[in-house]
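Take a look at the structure below.
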Amino acid sequence: MKLPRTKLYISFFDLLKAYFKIMLGIDLKKGEQVKKFENLLERYWSRKKCFTLSTCRLSLYYVLKSLNLNKDDEVLLSPIQIPDFINAILNLGLKPVFVEIDKETKCLNISDLKRKISSKTKVVLATYYTGIVPNISEIQSVCEENNIFLIEDISQSYGSESCNKKAGTFGIAAIGSLSPAKIISSIGGGFILMDDTEKIHFIDKDIKNELSLPSKKTLLRICSFQMKVSVATSKYIFSFFTYYIFLILSKLFKNKFNEMHHPTFKYSHKDKTIYDNPIIQRKLPNEIFFYFTDLQAKIAIKTFYQNINYGLKKRQLLAKVLYENLNEESKKFIPKVITKYNENCFWHFPIILENNSIDKFKDFLMNKGYDVVGYGLKLCSDESAFANYKSNLVSADKIHKNTLFLPLFDNLNESQTVKIANDINIFFSDT
């Protein structure tokens, strides 16, 4: 059994069809399908308004802009982020303040969050990693006590819950990404969910003045990349070709192999792409200020029904099977919050190792047929481009460096999942 590092939730056929539609200019408008998708998200999250946009980073930008903040007001957030989140904050004249990550919940450490709050703190951005939702009501209480706006980034947690409430219903706004491999995904995209009428009107007016329809070139680039990934990770191509290329690279050209997942970006790089892990320190380019289209909405609606109505329960079941078949030695490296099977959506299944074992574990799993990786996001608190906001966050650094994501795709069956657990047990039994 050979398993890739990720799974796209859009079929190659749908991507191919979308590619030709883009070339022919079909459905490249903001029309009824966009409205249908926005209404779908509004009903699911019981929020008053959904805005769809080109990217999640643009969603954060518009939410922050709607809060009418002052120059140098502080936004507290966890450091494992796409750099353009930091860029969006800086573009608005605000100050990012990095908060330590809780080793169990993978979200903001409550004690450090309270320590970092100052008279200038106006926003807390809570990012939920890997589908795990912390006790967000505690973070919500801290924000309410200090008159701070809470924004939730639910990009990795569609369908997750806490305290019998969906992730995305605790803050003044929730933002999400529709980029590839997300549970709800499309040919790129992002969204905002919110209830405040005044802020809704502000954002609505702003996007009408600032957004235009996307260029064919931009959408074709996104679509063609997804098609390549779809082919490379498909069952037979990966099993008989891609896997062996990766295996050779991992043994003979390890640095190059690792750079595929952790590319290096230059300070103030001029690339304006919206799709790559975005450039460190830049002004948000005009090229990302565009509407979500009917073509993208149709795909997003399809992935919603597939992965929320069906895939969510399947991943929760497989997570239970995987964890319960791990031996006690293996379980030491799995966050206990994983066992809240009905609350987590399991976009990823994290295992956090010790410094001296992560490379051995990756090599071991690669030899078993599993191409596993960790965070593709940057540890922004440690990036030289953001040196003015640098923080020494020990737990965040360890989590970023030592986390790998075990295979947990909803197209696996229970016996395959048991095999994965047994293979992992072999490693920890022998070390």
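Checking every residue in the range 389-398 against the condition of being among the aromatic types (Phe, Trp, Tyr) and in contact with a strand residue (DSSP E or B) (Cβ under 6 Å, 6 or more places away or on another chain) gives at least one match. Looking only at residues in the range 387-396 that are within 17 Å of LYS116 (Cβ to Cβ) and part of a helix (DSSP H, G or I), the one that is most open to solvent (accessible area, probe 1.4 Å) is ASN388. Among the residues of the range 40-57, at least one is under 30 Å from LYS401 (Cβ atoms), in a helix (DSSP H, G or I) and either within 23 Å of the chain's Cα centre (by Cα) or aromatic (Phe, Trp, Tyr) (or both). Filtering GLU198, GLU161 for residues that are at pLDDT 90 or above, in contact with an Asp or Glu (Cβ under 6 Å, 6 or more places away or on another chain) and open to solvent by 10 Å² or more (accessible area, probe 1.4 Å) leaves a single hit, GLU161.
For the range 399-406, does any single residue satisfy the condition of being among the aromatic types (Phe, Trp, Tyr), touching a residue at least 40 places away in the same chain (Cβ under 8 Å) and out of contact with any Phe, Trp or Tyr (no Cβ under 8 Å at 6 or more places or on another chain)?
Residues of the range 399-406 among the aromatic types (Phe, Trp, Tyr): 405.
Add one more test, that the residue is touching a residue at least 40 places away in the same chain (Cβ under 8 Å), and what stays is 405.
Pick out the ones that are also out of contact with any Phe, Trp or Tyr (no Cβ under 8 Å at 6 or more places or on another chain) and you get none.
The answer is no; no qualifying residue exists.
Open to solvent by 30 Å² or more (accessible area, probe 1.4 Å), modelled with pLDDT of 80 or more and over 30 Å from GLY93 (Cβ atoms): is that true of LYS254 in this structure? Full working, then the answer.
On the way: open to solvent by 30 Å² or more (accessible area, probe 1.4 Å): yes; modelled with pLDDT of 80 or more: no; over 30 Å from GLY93 (Cβ atoms): yes.
In short, no.
Against the test of being of a type in the set (Val, Ile, Thr), touching a residue at least 60 places away in the same chain (Cβ under 8 Å), open to solvent by less than 20 Å² (accessible area, probe 1.4 Å) and in contact with a helix residue (DSSP H, G or I) (Cβ under 8 Å, 6 or more places away or on another chain), the options ILE10, ILE89 yield a single qualifying residue, ILE10.
Yes or no: VAL337 modelled with pLDDT under 95 and either touching a strand residue (DSSP E or B) at 6+ places or on another chain (Cβ under 8 Å) or part of a helix (DSSP H, G or I) (or both)? Step through it out loud before you land on a result.
Details: modelled with pLDDT under 95: yes; either touching a strand residue (DSSP E or B) at 6+ places or on another chain (Cβ under 8 Å) or part of a helix (DSSP H, G or I) (or both): yes.
It is true that VAL337 is modelled with pLDDT under 95 and either touching a strand residue (DSSP E or B) at 6+ places or on another chain (Cβ under 8 Å) or part of a helix (DSSP H, G or I) (or both).
The rows are residues; the columns are (1) closer than 20 Å to ASP196 by Cβ; (2) surrounded by 18 or more Cβ atoms within 10 Å (Cβ to Cβ).
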residue: ASP112; (1), (2): no, yes
residue: LYS116; (1), (2): no, yes
residue: SER119; (1), (2): no, no
residue: VAL123; (1), (2): yes, yes
residue: ALA126; (1), (2): yes, yes
residue: GLY131; (1), (2): no, yes
residue: ILE136; (1), (2): yes, yes
residue: GLU144; (1), (2): yes, no
residue: GLU152; (1), (2): yes, yes
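Inside the range 313-360, residues that are open to solvent by 70 Å² or more (accessible area, probe 1.4 Å) and not charged (D, E, K, R) make up a count of 4.
Among the residues of the range 14-37, is any within 22 Å of ILE132 (Cα to Cα) and of a type in the set (Ser, Thr, Tyr)? So far as the range 14-37 goes, no, none of its residues is within 22 Å of ILE132 (Cα to Cα) and of a type in the set (Ser, Thr, Tyr).
Between residues in the range 58-70 that are touching a residue at least 60 places away in the same chain (Cβ under 8 Å) and of a type in the set (Lys, Arg) and residues that are open to solvent by less than 10 Å² (accessible area, probe 1.4 Å) and in a helix (DSSP H, G or I), which pairs lie under 9 Å by C-beta distance while being six or more apart or on different chains? Hits for this filter: LYS65/ILE203. Out of ASN307, ASN277, report the one residue that is under 21 Å from the mean Cα position of the chain (by Cα), in a loop (DSSP other than H, G, I, E, B), within 29 Å of LEU15 (Cα to Cα) and at pLDDT below 95. After applying the criteria, what remains is ASN277.
Out of the residues in the range 58-69 meeting the condition of being more than 16 Å from SER179 (Cα to Cα) and assigned to a helix (DSSP H, G or I), tell me which one is most open to solvent (accessible area, probe 1.4 Å). Let's see the steps before the verdict.
Step one: list which residues in the range 58-69 are more than 16 Å from SER179 (Cα to Cα), which gives 61-69.
If we keep only those that are assigned to a helix (DSSP H, G or I) too, we end up with 61-66.
Working: TYR61: 30, TYR62: 0, VAL63: 0, LEU64: 4, LYS65: 56, SER66: 11 Å².
Of everything passing the filter in the range 58-69, LYS65 is most open to solvent (accessible area, probe 1.4 Å).
Only one of the numbered conditions (1) open to solvent by 30 Å² or more (accessible area, probe 1.4 Å); (2) among the charged types (D, E, K, R); (3) closer than 29 Å to ILE308 by Cβ; (4) touching a strand residue (DSSP E or B) at 6+ places or on another chain (Cβ under 9 Å) is not met by ASP72, and that is (3).
The values are calculated or read from the model by the stated rules, or taken from the named source; none is laboratory data. Every value quoted in this text rests on a predicted model; they were computed, and no experiment measured them. Here Cβ is always computed from backbone atoms with ideal geometry, including for glycine, and neighbour counts include all displayed protein chains. Note: areas computed on protein heavy atoms with side chains; ligands, DNA, RNA excluded. Shrake-Rupley method; radii C 1.70, N 1.55, O 1.52, S 1.80 Å.
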